[in-house]
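Reviewing the structure listed below.
Here, each number is a calculation from the coordinates, and none is a lab measurement. What you see is a predicted model, and the numbers here were worked out from it, not measured in a lab. Cβ coordinates were reconstructed from backbone atoms using ideal geometry, including for glycine residues, and neighbour counts include every protein chain displayed.
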Amino acid sequence: MPIPVVCPGCKARFTVSDQFAGRTGPCPKCKQSIKIPEPAVQAVTIHEPEAPVVSSAGTGRAPTAPIRRIDKPVPAARFVALALAALAILGAAWAAGRMIGPEKLGGEWSWMLAAGGFLVALPCVLLGYAAVRDRELEPYSGTPLLVRSLACAAVYALLWVVKGQLPTEATSELWQWLYLGPMFVVAGGLAALVSLELDWGPAIAHFSLYALFTALLRWLAGLLPL
């Protein structure tokens with residue numbers, strides 16, 4: 001490593017090789033005798049790593065330890081209330097099937113089935129979201145959850161109405177749903193994906209819960225599930 005040298009006589013600055021350290025020689029400009037200094041040895045101190053800072057409160061430093069988020073499950077009372085609401089609607093469909101008859105429910109009283117599809121949509125959406133949401137993400141709650149759930153429930157119920165408007169001859173056979181089913185599943189999954197920000201897998205499972213409830217609704221009313 002070159003050694004920087006300053007001539008005490010003419011103040012000239014130059015460098016010499018470290019092999020001349022400690023020797024004496026003439027300045028290349030004024031020829032005054034100069035003793036080459038020893039190279040400075042810089043000591044390197046290795047410090048132990050600091051312990052992670054768990055909290056930045058009162059320290060003025062950002063936390064270096066990962067922040068652990070505690071998942072808050074849906075309160076059991078709310079979960080039970082939603083489940084009871086859905087079961088009450090299914091019970092009403094069963095009672096309507098016995099009192100009015102499947103023929104009228106499938107014809108002039110079909111508006112009752114449409115109303116049941118709308119009423120059961122919101123409980124299904126809220127229950128489904130609690131079941132399939134990503135536990136690594138902060139869940140929606142309060143007004144944002146209600147608004148998003150209502151939007152998703154509206155799309156689900158609209159799909160239920162569209163399904164009810166299909167001709168009987170187009171839906172009476174199970175094999176026909178091999179072509180119709182994917183269109184409804186994709187539309188419902190897309191609604192859950194956009195409104196509740198679910199991944200595709202959970203979004204399809206979320207819509208499938210509603211499809212299961214509505215199929216059960218029709219079956220309890222005495223109609224074909226599909």
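Annotations
- Once the chain from LYS31 to MET183 is taken as fully extended at 0.36 nm per residue, the excess over their C-alpha distance is 45.1 nm.
- Label-to-label distance, nm, for residues given as ALA81 and GLU136 (7 Å Cα→Cβ offset): 3.2
- Among 190-198, 157-165, sorting by the average number of other beta carbon atoms lying within 10 angstrom of each residue, highest first, gives 190-198, 157-165.
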